[in-house]
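K.L.:
Got a structure here, written out as structure tokens. Questions coming.
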């Protein structure tokens, strides 16, 4: 037999249609995790080298630039239509070749130039290319991250993959999508925005578009809601079958179409800072109905009769109640006495329930302070986020704690909410087929980004040289002295006509700062982290000469502070850090507010040994040392103690996230009985 | 400890309708007055112990009720201490990972596959983790046992037990009667090469009967036995059976009998062997019987019957105490105590289920650990002395398993264990203090270091009464014990040949002189020869005449005469230099001691003080000093009083050249008391203690280990 003219053509690769794409959960062994941890240390070092390796994209982009510029608008749009074909062909396993991406970048850049009047800088192309390669692009504030993202977003969307663009708040999502929508429409791509308060229908149709803007929280919650449905109907085939069923027999409507590609703005704060608490959907579930109000009231009444250090104690250094043996006995006696009364509460008679509820009642009475942990608004208890200082209207504490706090404040206890679904951000993001992000401060978190998400950081160079100046930290013994100095300094700068931005840690601190400036008669703007358009407008104005703005670090994020010519002459924006935050990255975000696009700027830090960072039982030792040093060598010598303390906090938060992942993983194994995880 | 009643993870279980699988049986048992249920899994052959509340929920799992309903029912039923949601989740999770329940959901197949692979891996690892006990399963004997159990059923009755009791009782009596015959030359008999072969033959046989005992005991009461295999215990193949089915037996006595059946069978075998051994003629069969008796009797009592090792005795012990999983739980309890009281972790849950268990758990944890360490090292050392490399590897493995791994785990727990998060400071402080104190006790706390040895009073050579020449003792000149002055005659010897020889010589001298005179004037050369001859004979004569003087044995110095031979000496032939007796003088007593090689350096270089206790006196210590030493090691003892046979501590070599040859080399030293008191009795024994000052224990352990290695392995 002879084989003649065998032309073994490669089989045509048809992309496998997957309904509702989710990357399968990684099941790492302990060894894998160790390897990733170790590897992360190396990966974290290669950020500049990685950025350098991105450069071929520029050559490819330039190669097509002339051809694209030669096309008229209609031609460009036709090219965009064609790009859908050739990009999809070039797509191999979620990655595009440099050649294809470069051509697409040239197309998008030309379109942006014509539609928005903005032409991407080379560094923006580098950042976009990094994101498309599944990396985190570290780009300085003011380098135009929003515009930069369009290259990656449009190219990815043209290659047939849906893109979720995540921002940190609704205002930014809305603003970015509105600003960039003309460009996308020009390229024939549909855009939608998912915002808080939208109904299910709107969301469902929004998630059907090529490009979806939204906050990480909204998208993650929608996904979690979908998972609660999918969990009960696992398997791709099941879902495909579902589609051909008549509408009334389908599984309740899914909102998302899956998790294809995500581009995350402010990636470090989304992937790291917010990943400390899991996502929880809860609701009052009548079927699992908790305990009757009377039991809560009885437990609260019992808790009020207990005395500290006799029946219970608060161990030093831990936010926790410890009921002492005498306390348990007292409770037993109360339960026994209750038996003789006609209105005996049966649940209170059960030791487990009794002790648990009294524990929660004691926690509510002695650990949670009004105005600190929660506030009362509209006759409701609202939890205050410890990190941001913002209230979280739809969050409640679990396990009866919320009810106890309500009873403590003399409110009617609400029906207990039960968890319906829960997942960690870490697991959510790892389910995306492709993940990319950009931020001004990724380098500090590079190790964690790699070991948790397998995301490498590329440090994209600035378009123009950074000429910010950093003053030495000034350390004071007391808050009083610090604010004195800040006020003096602000007055001087104000007189010189320089714009000043005073960054604070919390809204309370902002208020205090505002009061002080008012005393001195200095006109200023105060930002309360409302994160809306007004705020953005104020921040945008902060670059006017002689303007004084007080804001938390979170306020007005994503909004550029453009300098007026006068302000530029007065030395640019002066950023005054009135306190160090829990993480160095947050400080750097604030520092990044000045010196955009090679403009001048100055960063000064005013710290005191009474700052929040040095408060609390955990800081006692460091604070003591700092005071000692300050007394011996002057306050300046204690500066490093504050940085040390900051490092401790970073480590503690890192540990919390790690615990969360471990716990999540353990739960997966533990609860395997309940079917797939969310 | 406040337990959360509700769990935020409950939502994952609430709606599930679980169903107990078909291959599960549940048995009711009582442990220390508390009811438990044993879940028997016929698929995996595993047993799980659950509480009544858990059993209640398990019984409700019929595939129609949701977990929510089941949990609520359990709360209503056990309203005193209802199961919390977390506990219920844990229970369901454990049931699931043991494959005991199925759900109405599509299971997470990937998870199931991974779990299975993980279990296989774990089983593999446990099989080979301890190289001293590797198990190799062989076949399923259940049908064979079914067919044969009928014939043996009568044994497992009160009558059978009485029969056994009578047999073993008789064996005990016989052992007592023949004790000397049994133990005579024990070591020689047991460790002789041909006996080792016999023993290697007898061992698997005895063990096979032993395992058959377990298997039939299980079968008799309705259990199933599905695995027979070979376990390599310290490389010696030993059969084993899986008799875990007995765990389901309701009566603890039956469980105990299954556990103890092997021992009972072996003891019966040993008795039969003994009876045969007593009655049979010497020969191969008798030697075989001896070995059966040895294995059945001794190895059973030392190893199998010992509850501190995880062999049969342990299971019987645990069953009778009604504390299942005694080993694991005692360890857990020990660490619970550490965490609770030393680290101040008040939230730790105690593994104690009944107060009466506490003492047992604590005692067992400590005793078993010490004994296990001891046994591991003894075995490793024994193997190492035969095969150095294997032995050292085994020893390291044993060290790793029983010491280093727990220590590493402990340190990891200390440094990174999440449970310690709020107690780490205290835990580290406590551990640090403990380690510091331990280190201080070992390295810094000086402990007295002494060498104790036996000495024997030896007379000074200058006081010895020696025969100056050969001769027969003619008469004793002094009364025994009489004081004599130097030069006084003590003994008179006679040598009849001597006077004859003198006479002969005198004649020859005369003749020689005559010959000299004859040639003096004729031949000068010849005269010179003759003259020399005369001189020679004169010299010889003089020597012989001197010996006449030596026939009187005189006192070498002043003192009291001690002649151990006494009047028996008369008529005896003594040779020149023989010690006939000695003089008791007021010179200080001199104790000769033999020091073992490993101590000689200490005695020589680092002796601060010497103390002497005469065994004849009241034992009051007397200060002494090192007087002299023989600077060469010896293999022969100066006196039998130093050997173990004579009450000393030096082991003699029975195959030595002389009766006093030693096994190990010794060094001889002389010690004299400081008070200079003369010794009254030559050959009297004394305890001599060398004080080497104070030395921390660690150095001593190090030195002992070094010497052990030097001695055993030449490294």
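K.L.:
Report, by residue number, each residue of the range B:622-643 that is surrounded by fewer than 12 Cβ atoms within 10 Å (Cβ to Cβ) and either within 29 Å of the chain's Cα centre (by Cα) or outside any strand (DSSP E or B) (or both).
P.N.:
Those that are surrounded by fewer than 12 Cβ atoms within 10 Å (Cβ to Cβ) and either within 29 Å of the chain's Cα centre (by Cα) or outside any strand (DSSP E or B) (or both): B:631, B:632.
K.L.:
Which one of A:195, A:172, A:158, A:189 is touching a strand residue (DSSP E or B) at 6+ places or on another chain (Cβ under 9 Å) and farther than 27 Å from residue A:589 by Cβ?
P.N.:
Testing whether each residue is touching a strand residue (DSSP E or B) at 6+ places or on another chain (Cβ under 9 Å) and farther than 27 Å from residue A:589 by Cβ leaves just A:189.
K.L.:
When you scan the range A:120-128, do you find a residue that is in contact with a strand residue (DSSP E or B) (Cβ under 9 Å, 6 or more places away or on another chain) and either farther than 22 Å from residue A:165 by Cβ or outside any helix (DSSP H, G or I) (or both), even just one?
P.N.:
no
K.L.:
Mind checking which residues of the range A:76-89 are under 17 Å from residue A:163 (Cβ atoms) and touching a helix residue (DSSP H, G or I) at 6+ places or on another chain (Cβ under 7 Å)?
P.N.:
Passing the criteria: A:80, A:83, A:84, A:87.
K.L.:
Now for a separate question. Consider residue A:40 carefully, then state whether it is at pLDDT below 85, away from chain B (no Cβ under 14 Å) and closer than 24 Å to residue A:132 by Cβ.
P.N.:
Yes: the conditions hold for residue A:40.
K.L.:
While we're here: Which of (1) touching a strand residue (DSSP E or B) at 6+ places or on another chain (Cβ under 7 Å); (2) closer than 30 Å to residue B:690 by Cβ does residue B:495 not meet, given it meets every other one?
P.N.:
(2)
K.L.:
Would you mind stating whether residue B:352 is assigned to a helix (DSSP H, G or I) and modelled with pLDDT under 85?
P.N.:
no
K.L.:
Scan the range B:9-18 and tell me whether some residue there is modelled with pLDDT under 85 and under 52 Å from the mean Cα position of the chain (by Cα).
P.N.:
No, the conditions are met nowhere in the range B:9-18.
K.L.:
State all residues of the range B:410-437 that are without any contact (Cβ under 8 Å) to a residue 12 or more places away in the chain, within 14 Å of chain A (Cβ to nearest Cβ) and under 17 Å from residue B:336 (Cα atoms); if no residue qualifies, say none.
P.N.:
B:412, B:417, B:418, B:421, B:422, B:424
K.L.:
Checking residue B:243 against (1) buried (at least 22 other Cβ atoms within 10 Å of the Cβ); (2) touching a residue at least 60 places away in the same chain (Cβ under 8 Å): exactly one of these is not met. Which one?
P.N.:
(2)
K.L.:
Do the conditions hold for residue B:297, that is, is it modelled with pLDDT under 85 and either touching a strand residue (DSSP E or B) at 6+ places or on another chain (Cβ under 9 Å) or outside any helix (DSSP H, G or I) (or both)?
P.N.:
Spelling it out, it is not the case that residue B:297 is modelled with pLDDT under 85 and either touching a strand residue (DSSP E or B) at 6+ places or on another chain (Cβ under 9 Å) or outside any helix (DSSP H, G or I) (or both).
K.L.:
Another one. Does the range A:496-524 hold any residues that are in a strand (DSSP E or B) and over 11 Å from residue A:578 (Cβ atoms), and which are they?
P.N.:
Scanning the range A:496-524 gives a single hit, A:500.
Here's the yes/no breakdown for (1) more than 29 Å from the chain's Cα centre (by Cα); (2) farther than 23 Å from residue A:508 by Cβ; (3) at pLDDT 85 or above:
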residue	(1), (2), (3)
A:615	no, no, no
A:628	yes, yes, no
A:631	yes, yes, no
A:634	yes, yes, no
A:637	yes, yes, no
A:640	no, yes, no
A:646	no, no, yes
A:649	no, no, no
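K.L.:
What is the number of the single condition among (1) buried (at least 16 other Cβ atoms within 10 Å of the Cβ); (2) touching a helix residue (DSSP H, G or I) at 6+ places or on another chain (Cβ under 9 Å); (3) modelled with pLDDT under 90 that residue A:158 does not meet?
P.N.:
Among (1) buried (at least 16 other Cβ atoms within 10 Å of the Cβ); (2) touching a helix residue (DSSP H, G or I) at 6+ places or on another chain (Cβ under 9 Å); (3) modelled with pLDDT under 90, the lone unmet condition for residue A:158 is (3).
K.L.:
Further, regarding this structure: Among all residue pairs at least 6 apart or on different chains, which show Cβ distances below 9 Å where the first residue, located in the range B:96-113, is within 7 Å of another protein chain (Cβ to nearest Cβ) and the second is surrounded by fewer than 17 Cβ atoms within 10 Å (Cβ to Cβ) and modelled with pLDDT of 80 or more?
P.N.:
B:103/B:19; B:103/B:63
K.L.:
For residue B:360, work out the one condition from (1) within 30 Å of residue B:419 (Cα to Cα); (2) surrounded by fewer than 14 Cβ atoms within 10 Å (Cβ to Cβ) it doesn't fulfil.
P.N.:
If we test residue B:360 against (1) within 30 Å of residue B:419 (Cα to Cα); (2) surrounded by fewer than 14 Cβ atoms within 10 Å (Cβ to Cβ), just (2) comes out false.
K.L.:
Oh, and also: Looking at (1) closer than 30 Å to residue A:57 by Cα; (2) crowded, with 22+ Cβ neighbours inside 10 Å; (3) within 22 Å of the chain's Cα centre (by Cα), which one does residue A:223 not meet, given that it meets all the others?
P.N.:
Only one criterion is unmet by residue A:223, namely (1).
K.L.:
May I ask you to verify whether residue B:359 is more than 30 Å from residue B:245 (Cβ to Cβ) and in contact with a helix residue (DSSP H, G or I) (Cβ under 6 Å, 6 or more places away or on another chain)?
P.N.:
no
K.L.:
Next question, about the same structure. I'd like to verify a number: residues in the range B:478-507 that are assigned to a helix (DSSP H, G or I) and surrounded by fewer than 16 Cβ atoms within 10 Å (Cβ to Cβ), how many?
P.N.:
Summing the residues that are assigned to a helix (DSSP H, G or I) and surrounded by fewer than 16 Cβ atoms within 10 Å (Cβ to Cβ) in the range B:478-507 gives 9.
K.L.:
Of all residues in the range B:638-675, which are out of contact with any strand residue (DSSP E or B) (no Cβ under 7 Å at 6 or more places or on another chain) and on the phi > 0 side of the Ramachandran plot?
P.N.:
none
K.L.:
Let me confirm something: among B:12, B:28, which residue is outside any loop (DSSP other than H, G, I, E, B) and within 12 Å of chain A (Cβ to nearest Cβ)?
P.N.:
Only one candidate qualifies: B:12.
K.L.:
Given A:669, A:676, which one is within 12 Å of another protein chain (Cβ to nearest Cβ), at pLDDT below 80 and not in a helix (DSSP H, G or I)?
P.N.:
Exactly one of A:669, A:676 is within 12 Å of another protein chain (Cβ to nearest Cβ), at pLDDT below 80 and not in a helix (DSSP H, G or I), namely A:676.
The values are calculated or read from the model by the stated rules, or taken from the named source; none is laboratory data. Predicted model only: the values in this text are computed from it and were never measured. Cβ coordinates were reconstructed from backbone atoms using ideal geometry, including for glycine residues, and neighbour counts include every protein chain displayed.
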